[in-house]
Amino acid sequence: PDAHGSATLTVVLSDDGAPHAAHSEAGAITVVVLPVNDAPRFDLPARLELLEDQTGRGVFHGFARNIEAGPSNEVHQELSFSIRLAPGAPLALFRTPPQISSDGTLHFELMPDASGDAALD
């Protein structure tokens with residue numbers, strides 16, 4: 001995977017004619033495999049639990065881990081996370097909705113005395 005480049009192939013057509021086999025003139029073809037933009041990768045914890053009275057800003061460094069833009073020819077690409085609450089998730093839990101910075105830090109602010117589960121997509 002992730003291999004790209006070009007190769008030139010030389011092609012000759014032969015028969016099994018008697019008494020001597022005959023061969024065509026050689027032809028050439030260049031096969032070019034272009035690189036594609038591979039999807040970036042990252043890991044998240046399966047769950048984050050907080051106490052109801054833990055109000056204020058939440059900052060969790062290293063929340064998203066093993067962040068990779070793709071293979072070595074794609075390391076120059078800028079990465080950004082987008083988060084949306086899963087259907088049915090209570091938006092009322094957050095004063096400031098969750099965001100993940102490009103270095104994997106999770107930021108949000110909880111509402112005072114809010115409790116419940118919020119699934120993120």
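Computed quantities for the displayed model
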{"item": "Computed label-point distance, nm, for sites GLN77 and ASN37 using a 7 Å Cα→Cβ extension", "result": "0.7 nm"}
{"item": "In order through the range 26-32: 3J(HN,Hα) via Karplus (6.51 cos²θ - 1.76 cosθ + 1.60), integer Hz, x for Gly, Pro", "result": "6, x, 10, 9, 9, 9, 10"}
{"item": "Size of charge dipole - the chain - debye, nearest 20, with Cβ of Lys, Arg +1 and Asp, Glu -1, no other charges", "result": "300 debye"}
{"item": "Range of Cα positions in the range 1-103 per principal axis (Å), largest first", "result": "94, 29, 17"}
{"item": "FRET efficiency, ASP121 to LEU51 (Cβ-Cβ, R0 25 Å, nearest 0.05)", "result": "0.55"}
{"item": "Heavy-atom surface of the chain, accessible at 1.4 Å and reported per residue (Å²)", "result": "76 Å²"}
{"item": "The range 3-121 - percent of accessible surface contributed by carbon and sulfur, probe 1.4 Å", "result": "54 percent"}
{"item": "The chain: most fluctuating residue of PRO87, PRO19, PRO40 per GNM, C-alpha cutoff 10 Å", "result": "PRO19"}
{"item": "Relative contact order for the chain, counting Cα pairs under 8 Å that sit 6 or more residues apart, in percent", "result": "23 percent"}
{"item": "Of LEU51, SER72, PRO40, farthest towards positive along the dipole that unit charges on Lys, Arg, Asp, Glu beta carbons give the chain", "result": "LEU51"}
{"item": "ARG95 long-range amide H proximity, modeled H, under 5 Å", "result": "GLU109, LEU110, MET111"}
{"item": "Gain on full stretching of the segment that runs from MET111 to ASN66 - 0.36 nm per residue minus C-alpha separation", "result": "13.2 nm"}
{"item": "Relative contact order (percent, whole number), the range 37-97, Cα cutoff 8 Å, 6+ residue spacing", "result": "36 percent"}
{"item": "Phi to ³J(HN,Hα) by Karplus 6.51 cos²θ - 1.76 cosθ + 1.60 over the range 83-100, Hz, x for Gly, Pro", "result": "10, 9, 6, 5, x, x, 6, x, 4, 5, 6, 10, 7, 10, x, x, 9, 10"}
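The values are calculated or read from the model by the stated rules, or taken from the named source; none is laboratory data. Given the structure is predicted, the values throughout are model-derived calculations rather than measurements. Neighbour counts run over all protein chains shown; Cβ positions are idealised from the backbone, glycine included. These accessible areas exclude ligands, DNA and RNA; they are computed on the full protein's heavy atoms, side chains included. Shrake-Rupley method; radii C 1.70, N 1.55, O 1.52, S 1.80 Å.
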